[in-house]
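A short write-up of the structure that comes next.
The values are calculated or read from the model by the stated rules, or taken from the named source; none is laboratory data. Every value quoted in this text rests on a predicted model; they were computed, and no experiment measured them. FYI the Cβ positions are ideal-geometry reconstructions off the backbone, even for glycines, and counts take in every protein chain you see.
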Amino acid sequence: MGGFLDILYFIVPISIAYAAPLIFTAIGGVFSERSGVINIGLEGLMVMGAFVGIVFNLFFVDTFGAWTPWVSILAAMLVSAIFSLMHAVASITFRADQVVSGVAINLLGIAIALFLVKMIYGKGQTDFIQEKIPRFNIPFLQDIPVLGPMFFKSVYGSSILAIAIAILAWFIIYKTPFGLRLRSVGEHPMAADTMGIKVNRIRYIAVIISGGLAGMGGAVYAQTMTNDFGHATINGQGFMALAAMIFGKWHPIGAMGAALFFGFAQALAISSSGIPFMENVPSVYLYILPYALTIIALAGFIGKANGPKALGDPYVKGSR
Amino acid sequence: MSNRLINVLVPVISIILGLLVGAVVMLVSGYDPVAGYTALWNGIFGDSYAIGETIRQISPYILAGLAVAFAFRTGLFNIGVEGQLIVGWFAAAYVGMAFELPKIIHLPLALLAAAAAGALWGLIPGLLKATLKVHEVIVTIMMNYIALHLVNALIKVVSKGGFKTDKIHDTASLRSDFLSEITDFSTLHYGIFVALFMVFIMWFILERMKLGYELKSVGFNENAAQYAGMNVKKNIIMAMVISGAFAGLGGAMEALGTFGNMSTRAGFTGIGFDGIAVALLGANTPLGVVFGASLFGSLKYGANNMPNAANIPIEIVSIVIALIIFFVASGYIIRVGLKRIGKKKEAK
């Protein structure tokens, strides 16, 4: 039994660390898709966030000192939010196919980031950052037996932020007028329009929020996991966040739960060789678990996962 | 302005816009766009070696483009070409190395294995779409990652813990001494003929077969097709299976022609995603795909010359390609612009 607890003390913090960037990005996806705009571009937006986070950190570490990682997350949020405007303009105003536009965002994100890295550093990846996201011991809570060491000892500050954002997103989407409007333009834009809601404006705001959150997710991942930026820094995390959003049924808290579960699967995959009972399970099963589960969830075997009704349709005033 | 002219103009304008914005990006980041595009041109057409390599690069792009385009014609968006290509690559590499057969059996068998593996990878999203109405976009994205991790694991098993499969036997190879010699010993192989043959196959299915007629009908209007007595479910599954088979053959190009084996991969090849661009630019027609693949294949290979000849990062071409996709996707606004110009002329 003691051994089992030790494993949990070891694996749960890693799971949460892996989950945090997914939570940010998946919540971003919730905002965009709840407004009716498919956002396959989360991966590209995360790449941009990771790139900006690392480069900002490297350039301004002398100015901001210990605060650098946090300011870097902020910078990543801003740049990715602006970058996501491209997706918004294409899919909302220009009525482009939202999936194609998202694919373009993904290709563009990694291309721009690597182009700039090679321009600035003359090589394929950046230097390593010195100021990383700090870990905290949460006072009092860390003294709780069993749960304390698992959840509240040396947690990344960003993980706490991620959970706070998930709760905030739930509040915004379900308890504020803006959230009601957001959900209504995603379900029935024409009805929303007749009630005086500016459908396209709400969608623009939603896509920009998703860009900002995906940027934060990327910056958090880069500043906790890799500490530099290269071509493989963000390698599918954006799509995994997309999966978490669907698995969480387009609900912020559900998305957070799914992200935590996927983080757990990732943590198991990388450390299964060191765990008794697990060492004989080929890690490939754990790697494909999140993706396979998402397909199963979509197929309706784990409750029905239904997206917003107007997802993917550009709103054309006057058309029925 | 006729609709047909506009349909041709939209991709042309998108390409020009993409290249222009690429030039601006180079200019802003302190590079010389003229030197950059000259290096790109020479990288594509500079000498017979470059031309050979360019054509070699075009082959998988044609197949990836066909895969996306074929699914599109039935109203399906197959983002899973990347994964189908990866499983096809592995299947071809495995059959190529594991069996010893005469060439006349071995090579077709390896190609068939690749097509079958890709088809299987397309069958799953097709089945889910047809029977449970699960959206194919998400399923194919997830299948991409499953393919990547699964194939990496299989390579480890096949190579007994190594990171790449053994080289295929010559009897399964698409390599051609003749093609290689006339292009100054490039890696050009017979794959281009396989790809062009598949272009014909796609045209034949869509334009000359009852199956193609049904597939297109389902793409135009599912309900009307159903009402006319067509089996919509069967057609959706067929479309994904054939699309996956094209993509799998794209993987065979890499396995049997270019590389002769498969190594574990940290990420995707990118060919499958570029296939979306190819199909989009080619308006989902077989001939259009050849043009689209020629453009993007050339750009991708020619870009390799840019860091050496003009000291510009290779990624500039990826930026241009992404921008072209973006502009083609935003075709609506280009159409509106073109129509306005057309109206002004008529008024005069």
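Taking A:GLY211 as meeting all but one of (1) buried (at least 21 other Cβ atoms within 10 Å of the Cβ); (2) over 14 Å from the mean Cα position of the chain (by Cα); (3) closer than 26 Å to A:LEU58 by Cβ, write down the number of the exception.
(2)
Exactly one condition in (1) crowded, with 24+ Cβ neighbours inside 10 Å; (2) within 14 Å of chain B (Cβ to nearest Cβ) is false for A:VAL89; which is it?
A:VAL89 satisfies every listed condition except (1).
Would you point out the residue of the stretch B:172-181, among those that are in a helix (DSSP H, G or I) and within 26 Å of the chain's Cα centre (by Cα), that is nearest to B:ASN152 (Cα to Cα)? Full working, then the answer.
Taking the stretch B:172-181 first, the residues in a helix (DSSP H, G or I) are B:172, B:177-181.
Then keep just the ones that are within 26 Å of the chain's Cα centre (by Cα); that gives B:172, B:177-180.
Values: B:ALA172: 22, B:ASP177: 31, B:PHE178: 34, B:LEU179: 32, B:SER180: 30 Å.
So the residue we want is B:ALA172.
Quick grid of which residues meet (1) surrounded by fewer than 24 Cβ atoms within 10 Å (Cβ to Cβ); (2) within 28 Å of B:THR187 (Cβ to Cβ); (3) out of contact with any strand residue (DSSP E or B) (no Cβ under 6 Å at 6 or more places or on another chain):
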residue	(1), (2), (3)
B:ALA245	no, yes, yes
B:GLY251	no, yes, yes
B:GLY292	no, yes, yes
B:ASN308	yes, yes, yes
B:ILE314	yes, yes, yes
B:LEU323	no, no, yes
B:ILE333	yes, no, yes
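Among the residues of the stretch B:25-44 satisfying the criterion of being within 11 Å of another protein chain (Cβ to nearest Cβ) and under 29 Å from the mean Cα position of the chain (by Cα), which is surrounded by the most Cβ atoms within 10 Å (Cβ to Cβ)? Can you show your working first?
Restricting attention to the stretch B:25-44, the residues satisfying the condition of being within 11 Å of another protein chain (Cβ to nearest Cβ) are B:25-26, B:28-31.
Retained after the next criterion (residues that are under 29 Å from the mean Cα position of the chain (by Cα)): B:25-26.
Values: B:VAL25: 19, B:MET26: 24.
Among those that are within 11 Å of another protein chain (Cβ to nearest Cβ) and under 29 Å from the mean Cα position of the chain (by Cα), it is B:MET26.
Scan the stretch B:72-90 and report the pairs whose first residue is away from chain A (no Cβ under 14 Å) and whose second residue is of a type in the set (D, E, K, R) and crowded, with 24+ Cβ neighbours inside 10 Å, with Cβ atoms within less than 7 Å and a gap of 6+ or a chain change.
B:TRP89/B:GLU254
If you scan the stretch A:4-31, which residues turn out to be touching a residue at least 60 places away in the same chain (Cβ under 8 Å) and over 21 Å from A:LEU213 (Cα atoms)?
Of the stretch A:4-31, the ones touching a residue at least 60 places away in the same chain (Cβ under 8 Å) are A:5, A:7-31.
Listed by number, the residues that qualify are A:LEU5, A:ILE7, A:LEU8, A:TYR9, A:PHE10, A:ILE11, A:VAL12, A:PRO13, A:ILE14.
Quick check on this structure: which one of B:GLY297, B:GLY250, B:GLY212 is under 16 Å from B:PHE70 (Cβ atoms) and touching a Pro at 6+ places or on another chain (Cβ under 9 Å)? Let's see the steps before the verdict.
Values: B:GLY297 fails: under 16 Å from B:PHE70 (Cβ atoms); B:GLY212 fails: touching a Pro at 6+ places or on another chain (Cβ under 9 Å).
It is B:GLY250.
Only one of these conditions is not met by A:SER84: (1) in contact with a Ser or Thr (Cβ under 8 Å, 6 or more places away or on another chain); (2) free of Cβ contacts under 8 Å to residues at least 60 places away in the same chain. Which number is it?
It is condition (2) that A:SER84 fails.
Conditions tested, residue by residue: (1) among the acidic types (Asp, Glu); (2) within 14 Å of chain A (Cβ to nearest Cβ); (3) in contact (Cβ under 8 Å) with a residue 40 or more places away in the chain; (4) within 27 Å of B:ALA303 (Cβ to Cβ).
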position: B:ILE55; (1), (2), (3), (4): no, no, yes, yes
position: B:SER59; (1), (2), (3), (4): no, no, yes, yes
position: B:PRO108; (1), (2), (3), (4): no, no, no, no
position: B:TRP121; (1), (2), (3), (4): no, yes, yes, no
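Going residue by residue through the stretch B:161-177, is there one that turns out to be away from chain A (no Cβ under 14 Å), among the basic types (Lys, Arg), out of contact with any strand residue (DSSP E or B) (no Cβ under 6 Å at 6 or more places or on another chain) and in contact (Cβ under 8 Å) with a residue 60 or more places away in the chain? Break it down into steps so the answer makes sense when it comes.
So in the stretch B:161-177, the residues away from chain A (no Cβ under 14 Å) come out as B:162-177.
Next, only the ones that are among the basic types (Lys, Arg) stay: B:164, B:167, B:175.
Add one more test, that the residue is out of contact with any strand residue (DSSP E or B) (no Cβ under 6 Å at 6 or more places or on another chain), and what stays is B:167.
Next, from what is left, pick out any that are in contact (Cβ under 8 Å) with a residue 60 or more places away in the chain: B:167.
Yes, some residue in the stretch B:161-177 is away from chain A (no Cβ under 14 Å), among the basic types (Lys, Arg), out of contact with any strand residue (DSSP E or B) (no Cβ under 6 Å at 6 or more places or on another chain) and in contact (Cβ under 8 Å) with a residue 60 or more places away in the chain.
Report, by residue number, each residue of the stretch B:49-102 that is aliphatic (A, V, I, L, M) and not in a helix (DSSP H, G or I).
Of everything in the stretch B:49-102, those that are aliphatic (A, V, I, L, M) and not in a helix (DSSP H, G or I) turn out to be B:LEU76, B:ILE79, B:LEU101.
Where residues in the stretch B:125-151 are in a helix (DSSP H, G or I), surrounded by fewer than 20 Cβ atoms within 10 Å (Cβ to Cβ) and more than 7 Å from chain A (Cβ to nearest Cβ), which of them is modelled with the highest pLDDT?
So the residue we want is B:LEU127.
Please determine, by comparing only the residues of the stretch A:298-320 that are touching a helix residue (DSSP H, G or I) at 6+ places or on another chain (Cβ under 7 Å), modelled with pLDDT under 80 and facing another protein chain (nearest Cβ under 10 Å), which one is farthest from A:ARG95 (Cα to Cα).
A:GLY300
Hey, any hits in the stretch B:123-142 for a residue that's basic (Lys, Arg) and touching a Leu at 6+ places or on another chain (Cβ under 8 Å)?
Taking the stretch B:123-142 as the starting set, the residues that turn out to be basic (Lys, Arg) are B:129, B:133.
So of that shortlist, the ones also touching a Leu at 6+ places or on another chain (Cβ under 8 Å) come out as B:129.
The answer is yes, given that some residue of the stretch B:123-142 is basic (Lys, Arg) and touching a Leu at 6+ places or on another chain (Cβ under 8 Å).
Looking at the stretch B:254-307 only, could you name the residues that are away from every other protein chain (no Cβ under 14 Å) and either closer than 23 Å to A:ILE234 by Cβ or aliphatic (A, V, I, L, M) (or both)?
B:ALA255, B:LEU256, B:MET262, B:SER263, B:LEU287, B:VAL289, B:VAL290, B:ALA293, B:LEU295 - these are the residues of the stretch B:254-307 that are away from every other protein chain (no Cβ under 14 Å) and either closer than 23 Å to A:ILE234 by Cβ or aliphatic (A, V, I, L, M) (or both).
Determine, yes or no, whether A:TYR174 is among the hydroxyl-bearing types (Ser, Thr, Tyr) and within 14 Å of chain B (Cβ to nearest Cβ).
Values: among the hydroxyl-bearing types (Ser, Thr, Tyr): yes; within 14 Å of chain B (Cβ to nearest Cβ): no.
Taking the combined requirement at face value, the residue does not satisfy it.
Given the conditions (1) in contact with a Gly (Cβ under 7 Å, 6 or more places away or on another chain); (2) at pLDDT below 90; (3) facing chain B (nearest Cβ under 8 Å), and given that A:ASN106 satisfies all but one, which numbered condition is not satisfied?
(2)
Can you tell me which residue is modelled with the lowest pLDDT among those in the stretch A:241-290 that are among the aromatic types (Phe, Trp, Tyr) and within 30 Å of A:ALA310 (Cβ to Cβ)? Please lay out each step first, then the result.
Step one: filter the stretch A:241-290 for residues among the aromatic types (Phe, Trp, Tyr), giving A:247, A:250, A:261-262, A:264, A:277, A:285, A:287.
Those left that are additionally within 30 Å of A:ALA310 (Cβ to Cβ): A:247, A:250, A:261-262.
Working: A:PHE247: 83, A:TRP250: 91, A:PHE261: 87, A:PHE262: 87.
Here the residue is A:PHE247.
Kindly list the number of the only condition in (1) touching a residue at least 40 places away in the same chain (Cβ under 8 Å); (2) in contact with a strand residue (DSSP E or B) (Cβ under 7 Å, 6 or more places away or on another chain) that fails for A:ARG135.
(1)
Using the structure shown, decide if A:LEU78 is at pLDDT 90 or above, facing chain B (nearest Cβ under 7 Å) and closer than 21 Å to A:PRO21 by Cβ.
Details: at pLDDT 90 or above: yes; facing chain B (nearest Cβ under 7 Å): no; closer than 21 Å to A:PRO21 by Cβ: yes.
Judged against the criteria, A:LEU78 is not a match.
Would you please name the residue that is nearest to the chain's Cα centre (by Cα), looking only at residues in the stretch A:173-186 that are crowded, with 17+ Cβ neighbours inside 10 Å and within 18 Å of A:ALA255 (Cβ to Cβ)? Full working, then the answer.
Step one: filter the stretch A:173-186 for residues crowded, with 17+ Cβ neighbours inside 10 Å, giving A:173, A:179, A:181-186.
When the remaining residues are screened for being within 18 Å of A:ALA255 (Cβ to Cβ), the result is A:173, A:179, A:182-183, A:186.
Working: A:ILE173: 17, A:GLY179: 19, A:LEU182: 19, A:ARG183: 20, A:GLY186: 20 Å.
Taking the candidates together, the pick is A:ILE173.
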